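What follows is one structure encoded as structure tokens, with my remarks underneath.
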Amino acid sequence: MSRAIEFLFRRRGGKGWHWTDIVTWIWLIVGLFVMFGPAVWLTASSFKSPAALAEFPPTILPYVTQKVTVEGYDKPLDLYTVTLDDGSTATLAEIRRIGTVSQMIDPDKPAEIVKVNIAKRTPVRQMSFATENYTEPFIHFDFVRYLWNSVFVTVTATLITLVVNSMAAFALSKYEFRGRTFAMLLILATLMVPLSVIMVPLYSIVSALGLFNNLWGVILPTVATPTGVFILRQYMLTIPDELLDAARMDKASEWQIYWRIILPLTAPALAVLAIFSVVWRWNDFLWPLIVLSRKELYTLQVGLSIYSGELNVQWHFILAMTVVTMIPVVLVFLFLQRFITTGIAGTGLK
Amino acid sequence: MAEISRQTSQRRAGQNLGDMAMVPVRLAMGLIDAPLRWVQKTFGLGGMAAFFLLPNMLIFGIFVLLPFFINFAYSMTGGTALFLSDRSFVGSDQYARLFDCSNYLNPNTCAEDTFWTAVSNTGWFVILQVTLMIGFSLVTALILNRDLMARSFWRAVFFFPVLLSPVVVGLIWKWILQRQGLLNFGLYGFGFEPHVWLTDRNWAFAATVGVSIWAHMGFYTLIILAGLQAIPKDLYEAAEMDGTRAMRVFTRITLPLLMPNLLVVIVLVLIRAVQIFDEVYVLTGGGPGTSTLFVTQYIYETGFAAQLRNPGLAAAASILMGLVLVLLTLMQLGLSRSSEKKGARK
Amino acid sequence: MGHIKLTNITKSFGAIDVIHGINLEIADGELIVFVGPSGCGKSTLLRMIAGLEKPTGGELLIDGTLVNNMPASDRGLAMVFQSYALYPHMSVRQNLAFGLENSKMPKGEIDTRITEAARMLEIEHYLDRRPGQLSGGQRQRVAIGRAIVRRPVAFLLDEPLSNLDAELRGSTRAELAALHARLSATMIYVTHDQIEAMTLADRIVVLRAGRIEQVGTPMELYNTPANRFVAGFIGSPHMNFLEGTVEASSSAKAIATFTGGNRLELPVAGESIGNGARITLGVRPQHISIGSGTEGIPARITLVEALGSETIVHTDVSGQKILVVAPGQHNLIPGTDIRLSLSEAPLHLFNEKGLRLEHAV
């Protein structure tokens, strides 16, 4: 173990510890907690019952007070460990509490009532995962719908993005035609027109097209991404033109060249764009918030924000649904992180 | 992207596309082929280029360019009607209203006081955000650029929040900063009284800055790290041969060579900070009061959410914001071009 | 089948004319080689025949049909590219099948053709590999295979050997020649390497700056180059050129003075060139013999390259470099003065414009 630590903290060139090494490791360890801690804390909290969530100070793991059903009492009673007057301890169930005195019974001998000062009893706690936080919203609220809407928007928008952007990138990288530079500049210029600048008129256009309160109204404005066209075009430029000529000699039509030659060869760039698009569309918030006003059309992000903004926030459900919303992104992070980080370092897009 | 091994991934992807049961896709593609061959025959390669470009340009024109131009018209009309044809022309009234202030430094003296509150909030937010963001990501990048054990793991640690949705980010921190939250628990351990952070004007504002740094820092760290790794190693070795002290190496070698990269990052942070909305909207909703109300939220609420919607005013405000963004983007393009030139000279 | 005719073909890219009126007739079954320095337009010419570029002017006929506006896919030609242009994401079999599938050929027929071509080219064992897993030579065979399975009207080969190493290039060249003999199909072969042109061609087309310099069999080009450019381009090492002025001429001969005051009697019909005209004498290095006495042109040895089978001698004739290739091994030392004899050499004479002057009979 100490060898492992030694190895982990090894110094470049095996020299002694420099102050920068200490700063480095403090920074990294603190970073580990600050970056992962909040999400871990949220996930841990999502398994707590509403009662446990209201506790202060909170516990890290979800505990609930153990209950017992006793003959003659309708409701299950809370169990406590009690220090009796003679110094021995016993496990008793509480019937009621008056001031600082608690009336308790032994579950095995329900007839005998013992009076105990509340300072002398501690609840019997057991770990319990409140999985109903997860199941309830799906059964009683619309979260299945929201989940479905989010998945539909993400998958459809990503597919359209891939097809439409790759077609444009193909035209812009492999054909000579009048206005090509103009088209490129036009696409470049849109980088300067983010949604927040055009949301008012865009809303009127989407309404005029009858796409208000329609998932397609969320999908369509997002699919012609300039960044997507860019990375695909950059990649397609590296595919040799002779390959296209060879396909033309092989009687392939231009459309066949696109989908049988260019698309498969652009797969690595398409994969990067697909990952980004999934994360973008899954996380989209402002635009769906504007376009979708009917409850059954909400995406997860909109649904979550609306529910969390209500006066009486049901945190146990919100937390669980936040975890559900996080899952795809965490999966992407776990398995495709390398793709994304190299993608960003290479192109500077997000 | 350069790191993606072209050969192997091509092969894998080729198998996926080619060998997977893609019968319906193949069928569809085949069906499209016949009419497209006709297009190709009739209009030639130029026609095909137009065909390939068309869907993108169409979507693009309808959902980006058209609204962009309509926006100007919108900003010169009044009333609550949605469609431009139903709106009355008011000229520059909306702009006049936005700028109707007796003292620009005090939002309360303005006719549209929430706008100026939002502007001043955004201004402060941008200033704090840029300085702190650059500071944190630079330090993190420098640390990650050292000869570390498991560097890709540590890089991933700082990158993790970047992928989270703004709503999730907002909720995570709302949960931590609430009365029974983790932060109060931690401070309680040190003997502090629990505090309701998000109902305190100053703390709420600080929270918006801190949370958005937390959420986006990893992204900028990556870009700066890429810049650091592009600095040739032999420069450091030469400095070491000369016995240069670490601090001097940083100020005389690292910083000057990183500068073009850093400038681009600064502008990127600026562009994003000006548009801040999502996570703040979930975290504080702009409150308490208007203490965390930013310009995008002002536009959103004026245009959509307020009792008395005023799309014209919202459009005017969005054009002003767009103007700032265009300036910043041009700055970024200029910067990255000049840094490219410098790179070529090297 | 495979008869290609070019009439006044021109091509310009924007304002730049790259091909200036090419007239050429390629017979069925002929192996014709386009050769010339890079930028001479040989690849553009090939791509126009292929249908990958459109001629700006002129007529292109394949088997009597005007194909100027016919897309590449309908011309029935097959092409082997310099980079092979194999589809990297398809197996060798799929590469061979792609073109056949596109022409809606039945599956059984496709399989037969692939098997046949694979056997012919000895690539049966690689059929399920991808191009990335093959060596350069194997890829080259697959590229040829992809053309063969199409049973094209004509094969177009664009510098097919230039990506192979020297040894492989030699053996593949021989195989290509054998393949042509076996398929007896029209082949148009583009190269910048005159050795490939000489060894493979039925006829060679020498191109320069978008114009045909000469068309002929390899031996015609070697023995009677039409101009100075062809003379210098064909043959290795290059032909030696000596600039001179005609002093006296008769119907059967002319006497000219060359650099350093060397006077030579030349077998040329002298009336056509007046006294005082500038001419160029060309002699191949292999045709010059080294003498010692007082006969011939005095020269000084500057460098000796002994290759074993032959010796390349660099000499200096009054400031001008003359190369001599002498068969066998010679003990020559740089700095020695020798005599060069042209008595048995076929002499090539070119006028001021570089055009060949015919010998007097």
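Relative contact order of region B:176-247, please, whole-number percent, based on alpha carbon pairs below 8 angstrom and at least 6 residues apart. Reported as a whole number, the value is 16 percent. With neighbours defined as other Cβ atoms within 10 Å of a residue's Cβ, the residues C:Tyr87, A:Tyr134, A:Tyr63 order from fewest to most as A:Tyr63, A:Tyr134, C:Tyr87.
Amide H contacts of C:Glu247 (H built 1.01 Å from N, in plane; Pro and chain starts excluded): C:Ile255, C:Ala256, C:Thr257, C:Gly276 sit under 5 Å, all sequence-distant by 5 or more or on other chains.
Residues whose amide H falls under 5 Å from that of C:Thr10, counting only those 5 or more places apart or on a different chain, are C:Gly21, C:Ile22, C:Thr56, C:Gly57, C:Gly58, with hydrogens built in the peptide plane. Between C:Glu109 and C:Met70, the contour length at 0.36 nm per residue exceeds the Cα-Cα span by 11.4 nm. A simple charge model with +1 on the Cβ of Lys and Arg, -1 on the Cβ of Asp and Glu and nothing else charged puts the dipole of region C:136-262 at about 540 debye relative to its Cα centre.
Neighbours of C:His348, meaning other residues whose beta-carbon lies under 9 angstrom from its beta-carbon, give a summed charge of +3 when Lys and Arg score +1 and Asp and Glu score -1.
Under the convention that each Lys and Arg Cβ holds +1 and each Asp and Glu Cβ holds -1, the size of the dipole of region C:208-361 around its Cα centre is about 320 debye.
Can you find, among B:Thr109, C:Leu242, C:Leu96, the residue sitting farthest towards the positive end of the charge dipole of the protein assembly as shown, where Lys and Arg contribute +1 and Asp and Glu -1 at Cβ? Of B:Thr109, C:Leu242, C:Leu96, it is B:Thr109.
For chain C, the relative contact order works out to 15 percent when only alpha carbon pairs closer than 8 Å and six or more residues apart are counted. Springs between Cα atoms under 10 Å define the GNM used for chain C, and in it the highest mean-square fluctuation of C:Asn95, C:Asn240, C:Asn275 occurs at C:Asn275.
Peptide B:172-180 is shielded by partner chain Cβ atoms: per residue, an average of 5 of them sit within 10 Å of its Cβ. Kindly state, to the nearest 0.05, the FRET efficiency for C:Asn331 paired with C:Ser171, given R0 = 45 Å and r defined as their beta-carbon distance. Efficiency computed from Cβ-Cβ geometry: 0.80.
The C-alpha atoms of chain C define a longest principal axis, and helix C:92-102 lies at about 70 degrees to it. By the beta-carbon count within 10 Å of each Cβ, the least crowded to most crowded order of A:Thr238, C:Thr224, fewest first, is A:Thr238, C:Thr224. Taking the protein assembly as shown as a whole, the Cys residues whose C-beta sits 4.7 Å or farther from every other Cys C-beta are C:Cys40.
Computed 3J(HN,Hα) for region C:105-111, one whole-Hz value per residue from the Karplus formula 6.51 cos²θ - 1.76 cosθ + 1.60 where θ = phi - 60°, is 7, x, 4, x, 4, 4, 4, glycine and proline marked x.
In a DSSP loop and with at most 15 other Cβ atoms within 10 Å, the GluC sites (Glu not before Pro) in region A:56-120 are A:Glu71. Report summary: the helix-based calculation at 222 nm, which adds -39500 (n - 2.57) for every DSSP H run with n ≥ 4 and divides by the residues of the protein assembly as shown, gives -16000 deg cm²/dmol. Volume of the convex hull of chain C (Cα atoms only), normalised per residue: 172 Å³. Spin-label point model (7 Å from Cα, Cβ direction): what's the B:Asp93 to A:Arg338 distance in nm? A separation of 6.2 nm, rounded to one decimal place. With a Förster radius of 35 Å applied to the beta-carbon distance between C:Ala181 and C:Leu303, the computed FRET efficiency rounds to 0.25.
In whole angstrom, the protein assembly as shown maps to an equivalent ellipsoid with semi-axes of 78, 34, 32, each derived as √(5λ) from the alpha carbon gyration tensor and ordered largest first. Note on region C:25-57 and region C:259-316: Cα centroid distance 37 Å, given to the nearest whole angstrom. Per-residue extension of 0.36 nm, minus the Cα-Cα distance of B:His195 and B:Phe72, leaves a gain of 39.7 nm for this segment. Normalised by the number of residues in chain A, the mean separation of alpha-carbon contacts (under 8 Å, six or more apart) gives a relative contact order of 18 percent. Dipole magnitude for region C:4-226: computed about the Cα centre from +1 point charges on Lys and Arg Cβ and -1 point charges on Asp and Glu Cβ, it is near 500 debye.
Membrane-span-like helices of chain B, defined as complete DSSP H segments with a Cα extent of 15 Å or more along the helix axis and a mean Kyte hydropathy of at least -0.5, are identified as B:23-60, B:113-144, B:151-163, B:166-177, B:201-229, B:255-274, B:311-345. Across region C:120-137, computed HN-Hα scalar couplings (Karplus, 6.51 cos²θ - 1.76 cosθ + 1.60, θ = phi - 60°) run 4, 9, 6, 10, 4, 6, 9, 4, 9, 8, 9, x, x, 9, 9, 7, x, x Hz from first to last residue, x flagging Gly and Pro. By other beta-carbon atoms within 10 Å, ranking C:Tyr222, B:Tyr298 with the fewest at the front produces C:Tyr222, B:Tyr298.
Peptide A:164-172 is shielded by partner chain Cβ atoms: per residue, an average of 5 of them sit within 10 Å of its Cβ. Using alpha-carbon positions, what is the distance between the centroids of region C:63-124 and region A:208-226, in Å? Between the Cα centre of region C:63-124 and that of region A:208-226, the gap is 44 Å. May I ask for the net charge around C:Ala231, where only other residues with Cβ less than 13 Å from the Cβ of C:Ala231 are counted and Lys, Arg are +1 while Asp, Glu are -1? Value of the local net charge: +2. Close amide H partners of C:Asn240, meaning residues 5 or more places away or on another chain with modelled amide H under 5 Å apart, are C:Val283, C:Arg284. Using the Cβ-Cβ distance between A:Ile113 and A:Ile26 with R0 set to 51 Å, the FRET efficiency works out to roughly 0.35.
Inter-chain neighbour count for B:154-160: the average number of beta-carbon atoms from partner chains within 10 Å of each residue's beta-carbon is 6.
Farthest towards the positive end of the charge dipole of region C:269-361, among the residues C:Val324, C:Leu342, C:Gly282, is the Cα of C:Gly282, using unit charges on the Cβ of Lys, Arg, Asp and Glu. Stretching the chain fully between B:Leu45 and B:Trp203 yields a gain of 50.7 nm (0.36 nm per residue, less the alpha carbon separation). Can you work out the base-10 log of I(q)/I(0) for region A:48-170 at q = 0.10, 0.13, 0.23 1/Å, using the Debye formula on its C-alpha atoms alone? The calculated log intensity ratios at q = 0.10, 0.13, 0.23 Å⁻¹ are -0.53, -0.70, -1.27. When each full DSSP H helix of chain A is screened for a Cα extent of at least 30 Å along its own axis and an average Kyte-Doolittle hydropathy of at least -1.0, the helices passing are A:19-45, A:143-174, A:315-347.
Per residue, the convex hull spanned by the Cα atoms of region A:133-347 measures out at 156 cubic angstrom.
We did not get these values from a lab; they are worked out from the coordinates using the rules stated. Predicted, not measured: the structure shown is a model, and the values here were computed from it. Here the Cβ is made from the backbone with ideal geometry for all residues, glycine too, and neighbour counts use every protein chain on show.
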